[in-house]
There are 2 protein chains.
Amino acid sequence: MVKGNLFILSAPSGAGKSSLISALLKHESSRPMQVSVSTTTRNPRPGEENGVHYHFVEKKTFEQQIAENVFYEYAEVFGNYYGTSSAAIDEQLSQGIDVFLDIDWQGAQQVRMKKPDVTTIFIAPPSRKELENRLRGRGQDSDEVIADRMAQAQSECSHYQEFDYIIVNDDFDTALTDLVTIVNNQRLKRSQQTTVYQDLFNDLLAND
Amino acid sequence: MVKGNLFILSAPSGAGKSSLISALLKHESSRPMQVSVSTTTRNPRPGEENGVHYHFVEKKTFEQQIAENVFYEYAEVFGNYYGTSSAAIDEQLSQGIDVFLDIDWQGAQQVRMKKPDVTTIFIAPPSRKELENRLRGRGQDSDEVIADRMAQAQSECSHYQEFDYIIVNDDFDTALTDLVTIVNNQRLKRSQQTTVYQDLFNDLLAND
């Protein structure tokens with residue numbers, strides 16, 4: 001059975017990553033694909049379901065799991081832990097499911113060390129001006145808050161050279177086509193195709 | 001200026017390679033793509049034009065070009081030389097044109113040594129039975145001739161593991177989509193995108 005592929009999608013907020021992932025899963029609905037569900041110690045927000053949006057756990061549990069090397073990557077943000085549990089992902093991959101990790105450059109670095117065959121994709125906004133517009137959102141935040149978001153976005157962008165692929169999300173449909181191309185391309189590589197078509201090549205090369 | 005990518009397409013005869021290349025060039029007509037024109041010492045057949053189907057040269061000229069290391073790859077088949085001249089290809093690549101080489105596994109091996117960043121694609125028939133049907137063609141050839149073609153096809157197939165990508169040409173439209181995917185995927189790689197979007201990243205990362 002052919003394994004699924006592991007992908008990381010990173011982007012500054014405002015680049016449109018979540019919309020692209022949703023559109024990808026809809027577009028390629030005939031193929032098994034899943035977005036990994038992270039584990040976190042922060043409290044659920046209204047409407048968030050355990051096991052759907054996050055796996056919600058206690059801080060002690062999370063720290064024990066760190067000690068047990070359970071995570072492909074984890075980080076502490078404002079006193080809360082966020083992590084990607086490896087067992088669930090490996091299980092999905094072995095079932096032939098493509099798995100997408102929605103994580104930042106720091107998480108990407110950690111996963112790359114443990115899974116060198118991961119495919120990493122950076123999604124960039126089309127311009128600084130457009131990024132700022134998107135970060136301004138509904139126009140209800142102070143200049144200081146916007147400046148802070150912009151600095152964070154720039155920090156994320158500064159790592160674009162660490163990724164295998166770069167998609168610029170200017171026109172959404174083009175960006176989606178680019179993402180579909182990268183995902184489907186992985187399945188055409190020799191290592192995957194020789195597994196899928198083992199019988200065919202045995203047949204083609206048989207002596208009789 | 002972003003460079004074009006170099007691709008090798010290899011296949012046993014009967015796999016439908018020529019039709020796929022023609023369809024690709026039609027499908028992606030907005031992008032600059034060209035099939036490399038080989039140099040040969042064999043005589044032109046009726047309808048073949050110099051510089052279009054082949055560059056036709058004298059044997060002495062070809063042997064001098066071999067000595068001058070003019071070719072990315074060459075081979076002698078039934079007393080005639082066939083080769084891929086590097087200068088024309090490098091010029092096309094530097095103009096941003098994707099170049100396709102329609103050569104066999106031996107040529108692929110030679111090119112790979114000189115251009116390690118070449119992307120190599122093997123196109124396989126969907127089954128041995130179908131391959132044999134296609135090689136029988138119009139049914140006017142002897143069993144011996146068919147058996148000989150089949151042995152040649154098997155020899156080509158036996159090298160499938162040396163290629164970066166494998167496309168199985170069962171359904172033509174699917175195979176075409178696969179080929180388009182592989183070709184477009186190359187342009188989304190970081191090395192290319194950082195050249196195309198250098199100004200964008202300078203803009204995104206500017207301090208002001």
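Any read-out appearing in this document is the output of simple, stated calculations on the displayed coordinates, not a laboratory observation. Predicted model only: the values in this text are computed from it and were never measured. Cβ: placed from backbone, ideal geometry, glycine included. Neighbour counts: every protein chain shown.
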| message | Just to be sure I understand: of the beta bridges DSSP finds with both ends in the protein assembly as shown, what percent are antiparallel, rounded to 5? | response | 35
| task | Using a 10 angstrom cutoff on alpha carbons, build the Gaussian network for chain A and name the most mobile of A:193, A:92, A:109. | result | A:193
| On Cα atoms only, tilt of B:143-157 relative to the major axis of chain B in degrees | 20
| field | Length released on extending from residue B:52 to residue B:88, taking residue separation times 0.36 nm less the Cα-Cα span | value | 11.6 nm
| field | Inter-copy label distances at residue A:177 (7 Å, Cα→Cβ; nm, one decimal) | value | 1.5
| If you put +1 on each Lys and Arg Cβ and -1 on each Asp and Glu Cβ, how big is the dipole of chain A around its Cα centre, in Debye rounded to 20? | 120
| Which translational diffusion coefficient, to the nearest whole µm²/s, is obtained for segment A:39-95 from the Stokes-Einstein equation, given a Kirkwood hydrodynamic radius over C-alpha pairs, 37 °C and 0.692 mPa s? | 276
| query | Tell me which B residue has its C-beta closest to the axis rotating B onto A, and the distance in Å? | reply | B:185, 2
| Cβ-based exposure ranking for B:182, B:97, in which fewest neighbours within 10 Å come first | B:97, B:182
| query | When you take every Cα atom in segment A:1-135, what is the radius of gyration, and what is Dmax, the widest Cα pair distance, in Å? | reply | 15.5, 47
| task | Fewest Cβ neighbours within 10 Å first, please rank A:82, A:165 accordingly. | result | A:82, A:165
| note | Counting only DSSP loop positions in segment B:128-208, the trypsin sites (Lys or Arg not before Pro) whose Cβ has at most 14 other Cβ atoms within 10 Å are B:138
| request: Could you work out the relative contact order of chain B, using alpha carbon pairs under 8 angstrom and six or more residues apart, expressed as a whole percent? | output: 31
| request: Compute the label-point distances linking residue A:32 to its equivalents in the other copies; points lie 7 Å from Cα along Cα→Cβ; give nm, one decimal, shortest first. | output: 4.4
| Dipole of segment A:10-73, Cα-centred, from +1 at each Lys and Arg C-beta and -1 at each Asp and Glu C-beta, to the nearest 20 debye? | 220
| remark: Here the Kirkwood hydrodynamic radius of segment A:143-208, Cα-based and in Å, equals 16.0
| request: In debye, nearest 20, what is the charge dipole magnitude of segment A:137-208 about its Cα centre with +1 on Lys and Arg Cβ and -1 on Asp and Glu Cβ, if you could check? | output: 260
| query | Count of lysine pairs in chain A with Cα atoms under 20 Å apart, counting only pairs 8 or more residues apart in sequence or on different chains? | reply | 6
| query | Among B:151, B:124, B:23, which one moves the most in a GNM of chain B with springs linking Cα atoms closer than 10 Å? | reply | B:151
| Can you give the relative contact order of segment B:35-151 as a percent, counting alpha carbon pairs under 8 Å and 6+ residues apart? | 21
| remark: Shape descriptor, the protein assembly as shown: equivalent ellipsoid semi-axes (Cα gyration tensor, sqrt 5λ, whole Å, largest first) stand at 48, 26, 17
| query | What nm distances, shortest first, do you get from the label point of residue A:137 to those in the other copies when the point sits 7 angstrom along Cα to Cβ? | reply | 6.9
| said: Once the cut-off is 15 Å, how many percent of the Cα-Cα pairs in segment A:98-155 end up in the long-distance tail? | reply: 59
| task | Let me see the pair-distance distribution of segment B:1-76: every alpha carbon pair, 5 Å bin width, integer percents in order. | result | 3, 11, 17, 19, 22, 15, 9, 3, 0
| message | Give me the percent relative contact order of segment B:39-86, please, defined on Cα pairs under 8 angstrom at least 6 residues apart. | response | 41
| query | What is the mean number of Cβ atoms from other protein chains located within 10 Å of the Cβ atom of each residue in peptide B:181-193, rounded to a whole number? | reply | 6
| Number of partner chain Cβ atoms within 10 Å, mean per residue of A:123-131 | 3
| query | Top mean-square fluctuation among B:31, B:45, B:112, Gaussian network model of chain B, C-alpha springs under 10 Å? | reply | B:45
| remark: Mean shadow area (nm²) of the C-alpha convex hull around segment A:79-208 is 11.8
| task | Identify the GluC sites (Glu not before Pro) of segment A:25-133 meeting these criteria: DSSP loop state and at most 10 other C-beta atoms within 10 Å of the C-beta. | result | A:49, A:58, A:68
